[in-house]
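What follows is a short report on a single structure.
The values are calculated or read from the model by the stated rules, or taken from the named source; none is laboratory data. Predicted, not measured: the structure shown is a model, and the values here were computed from it. Because the Cβ atoms are built from the backbone with ideal geometry, glycine has one as well, and the counts that use them run over all protein chains shown. With ligands, DNA and RNA removed, areas are computed over all heavy atoms of the protein, side chains included. Shrake-Rupley method; radii C 1.70, N 1.55, O 1.52, S 1.80 Å.
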Amino acid sequence: MGVMAKTSTTTQGLRAAIERSGYYPALVAEAVEAAVGGEAIQSYLVHQETTFDANEVRRHVTVLVLTGTRFIVSHTDEQAADSTSPTPYATTSTESVKLGRISSVVLSRVVANPEKYVPGTLPREVVLTIGWGAVSRLDLEPAACGDPNCEADHGYTGSATADDLSLRVSEAGDGPDAVRQTLAFAQSLSEATADVTH
């Protein structure tokens with residue numbers, strides 16, 4: 001997880017955070033810097049995650065950047081050699097979202113011993129979910145009425161949820177600084193979207 005700064009963050013600071021992650025820094029930095037362009041960076045978050053896929057260990061990194069007008073997401077995955085490539089390779093994608101398109105910023109906090117919670121105590125994990133309409137999840141279930149003997153078809157009921165990006169950070173897996181940085185980035189993004197006139 002890289003260092004997060006709220007204001008006056010420079011491109012060099014973001015690049016240093018990407019380099020500290022140690023995950024293909026030249027490739028990741030070039031993609032992110034191209035997406036940011038000449039805009040000033042207000043806040044950023046660098047999150048590296050390792051996953052286990054069958055017998056393979058795979059790493060990927062997500063970089064989130066907030067500018068004055070946009071939210072930028074960059075994601076880089078490494079792939080093992082396969083039928084399309086005789087050598088291992090990496091795929092990097094970036095998406096630039098206008099702040100006015102962000103429809104939700106959800107921050108879920110998990111705290112231990114909630115009956116003893118003291119304000120300001122660091123959650124043991126946080127999940128940051130950001131929606132801007134590119135991906136939606138639809139959950140449907142059969143509708144029913146209050147009559148337990150009714151056999152009529154009442155159709156379906158459900159809900160649609162924007163779920164474009166979900167990032168889980170835990171104190172045990174990523175460290176307390178990573179949790180703090182995620183909380184700070186979520187606050188910066190939430191404040192930035194509140195200031196945007198839709």
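Annotations for the structure displayed:
- One residue stands out in segment 177-198 among those that are among the small types (Gly, Ala, Ser) and open to solvent by 30 Å² or more (accessible area, probe 1.4 Å): the one that is farthest from Arg59 (Cα to Cα), namely Ala194.
- Every residue from segment 125-153 that is part of a loop (DSSP other than H, G, I, E, B), modelled with pLDDT of 75 or more and closer than 27 Å to Glu95 by Cβ: Trp132, Gly133
- Test: Ala26 is in a helix (DSSP H, G or I), farther than 23 Å from Ser170 by Cβ, modelled with pLDDT of 90 or more and more than 19 Å from the chain's Cα centre (by Cα): yes
- Test: residue in segment 34-47 that is within 22 Å of Val169 (Cα to Cα), open to solvent by less than 70 Å² (accessible area, probe 1.4 Å) and in contact with an Asp or Glu (Cβ under 9 Å, 6 or more places away or on another chain): yes
- Summed over segment 82-107, residues that are open to solvent by less than 80 Å² (accessible area, probe 1.4 Å), farther than 29 Å from Glu56 by Cβ and among the hydroxyl-bearing types (Ser, Thr, Tyr) total 2.
- Near pairs, Cβ below 8 angstrom, 6+ apart or cross-chain, from segment 26-53 (over 12 Å from Thr67 (Cα atoms)) to any residue that is aromatic (Phe, Trp, Tyr) and buried (at least 16 other Cβ atoms within 10 Å of the Cβ): Leu45/Phe185; Gln48/Tyr23
- Within segment 154-176, tally of residues that are loosely packed, with under 14 Cβ neighbours inside 10 Å and at pLDDT 80 or above: 5
- Extreme residue, surrounded by the most Cβ atoms within 10 Å (Cβ to Cβ), among residues of segment 59-81 that are touching a residue at least 40 places away in the same chain (Cβ under 8 Å) and among the polar types (S, T, N, Q): Ser74
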